[in-house]
Each structure stands twice: as structure tokens, then as C-alpha cells.
Amino acid sequence: MNLDRIRERLHNGFKPFVIELSSGKRLKVPHPEFMAIGRKGLVVMGADDSVTIVDALHIVSVENLRSRRKPRSTRAR
């Protein structure tokens with residue numbers, strides 16, 4: 001995975017996303033402050049303050065995080 005693509009996600013109109021690793025583990029990045037990127041890898045902090053260090057070679061995909069918001073009712077008011 002090209003880390004420049006992830007850098008772009010952090011700095012150009014950030015939207016929460018998930019990083020999927022070769023192990024199948026999925027890391028949520030709800031805000032740019034939950035992540036640091038180096039030359040060959042990155043660090044993701046979890047909601048429980050856990051820290052995961054990832055080598056870029058193990059990143060399989062990066063996907064937008066689905067919103068938890070419920071859709072608005074379409075019924076007329």
C-alpha cells in the first residue's frame with residue numbers, strides 16, 4: 001500500500017476510514033489524531049488507547065467507515 005494515499009485521506013477533507021490488514025484485522029480511524037504515519041509504516045490508536053504498529057506491506061485495503069447515523073424519515077410532516 002502506498003502510504004501517500006493514506007496521508008491524503010488524513011489531510012484532504014478527512015472522512016473516517018478503516019484499514020484492513022493481511023491478518024484480517026480491521027483498524028478504525030475515526031479522526032486524524034488516531035494515526036501517525038512514518039516512512040515505511042504507521043501507528044493507529046484504538047478507542048481503548050491500544051496502539052497498533054503496522055508495516056505498510058500488510059495493508060490490504062482502506063475503506064470509508066460507514067456512518068452510524070440512522071436515515072431520516074421520508075414521511076411528510
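The values are calculated or read from the model by the stated rules, or taken from the named source; none is laboratory data. These numbers were taken from a predicted model, which means no experiment stands behind them. Positions of Cβ are generated from backbone atoms using ideal geometry, with glycine treated the same way; all protein chains shown enter the neighbour counts.
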So how many residues does the stretch 7-38 have that are touching a Leu at 6+ places or on another chain (Cβ under 8 Å) and basic (Lys, Arg)?
-> 2
Show the residue pairs that are 6+ apart or on different chains and have beta-carbon atoms under 9 Å apart, the first residue being within the stretch 20-37 and in contact (Cβ under 8 Å) with a residue 40 or more places away in the chain, the second being in a strand (DSSP E or B).
-> 20/26; 20/27; 20/59; 20/60; 20/61; 20/62; 20/63
Name the residue, out of 26, 69, that is at pLDDT below 95 and among the basic types (Lys, Arg).
-> 69
Residue count for the stretch 3-23, restricted to those that are aromatic (Phe, Trp, Tyr) and at pLDDT below 95 = 1
Result of the Cβ filter at 8 Å on the stretch 49-67, keeping first residues that are touching a residue at least 24 places away in the same chain (Cβ under 8 Å) and partners that are part of a strand (DSSP E or B) and of a type outside the set (A, V, I, L, M, F, W, C), at least 6 apart or interchain, is 54/41; 56/41; 59/20; 60/20; 61/20; 62/20; 63/20; 65/28
